[in-house]
1. Using the crude model of +1 on Lys and Arg Cβ and -1 on Asp and Glu Cβ, and no other charge, please compute the dipole size for the chain relative to its Cα centre, in debye to 20.
2. At a Förster radius of 30 Å, what calculated FRET efficiency corresponds to the Cβ-Cβ distance of Asp72 and Asp114, to the nearest 0.05?
3. Give the accessible surface of the range 1-108 per residue, rounded to a whole number of Å², with probe radius 1.4 Å and ligands, DNA and RNA excluded.
4. In whole Å, how far is the Cα centre of the range 1-38 from that of the range 65-140?
5. Could you please state how large a percent of the accessible area of the range 1-131 is carbon and sulfur, counting protein chains only and using a 1.4 Å probe?
6. Work out which helices of the chain, taken as complete DSSP H runs, extend at least 20 Å along their axis over the Cα atoms and score a mean Kyte-Doolittle of 1.6 or more, then list them.
7. For every helix of n ≥ 4 consecutive DSSP H residues, a contribution of -39,500 (n - 2.57) applies; sum these over the chain, divide by its total residues, and give [θ] at 222 nm rounded to the nearest 500 deg cm²/dmol.
8. Excluding Arg79 itself, what net charge comes from residues whose Cβ is under 12 Å from its Cβ, given Lys and Arg +1 and Asp and Glu -1?
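The values are calculated or read from the model by the stated rules, or taken from the named source; none is laboratory data. Everything quoted here is computed from the prediction, not taken from an experiment. As a convention, Cβ positions derive from the backbone with ideal geometry for all residues, glycine included, and neighbour counts pool all protein chains shown. Keep in mind that these areas ignore ligands, DNA and RNA; they rest on the heavy atoms of the full protein, side chains included. Shrake-Rupley method; radii C 1.70, N 1.55, O 1.52, S 1.80 Å.
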Amino acid sequence: MPAERVLRPVRTRAFAIALSAAITGAALLGWFLLPAHIRAQFTAFQLVTLLIILGFMVAAMLLLGFSAVRVDDRGLAIRNGPFTRRVSWGEIGSIRFRHGDPWAYVILTGDTDDPKRIAMLGIQATDRQRAIDAVAWLRERATQA
């Protein structure tokens, strides 16, 4: 088994990149299709506001698309958007990926009445068999740790 592996969503990443490019292109096209006298009426504050809104839309899509699960000898580093959570192998109770789940989950050991689960956006159902294989590999890796 490899000492380290990074699991990333393939289809979601491709969709996020394509949609980000399309939205940015549409915004630029819309701007340059406006008559010059209308573009001249925009204030700097309005332009900055529109750019910030566009930036937030693109950033949200890319953060989802670039989520990942880094697997190493110490455990998992789960990056969901801008946040990374480190989970050691000893903290992992199970790895869940049921039919209909949008992504895989790590169920932590501890309180058995209300176990805590962490979504792993790096393993998404949109990747179908690739996600199923990644979860099977993770489960096997967890039993060996």
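1. Dipole about the Cα centre, nearest 20: 280 debye.
2. The computed FRET efficiency comes out at 0.55.
3. For the range 1-108, the per-residue accessible area is 62 Å².
4. Taking the Cα centre of each part, the range 1-38 and the range 65-140 sit 26 Å apart.
5. After summing per-atom areas, the C and S share lands at 65 percent.
6. On the way: long enough: 11-33 (32 Å, 1.28); 44-65 (31 Å, 2.45); 129-144 (23 Å, -0.59).
Span-like helices here: 44-65.
7. Mean residue ellipticity, 222 nm, calculated: -15000 deg cm²/dmol.
8. Working: positive: Arg8, Arg70, Arg85, Arg86; negative: none.
That sum, taken over residues with Cβ under 12 Å, equals +4.
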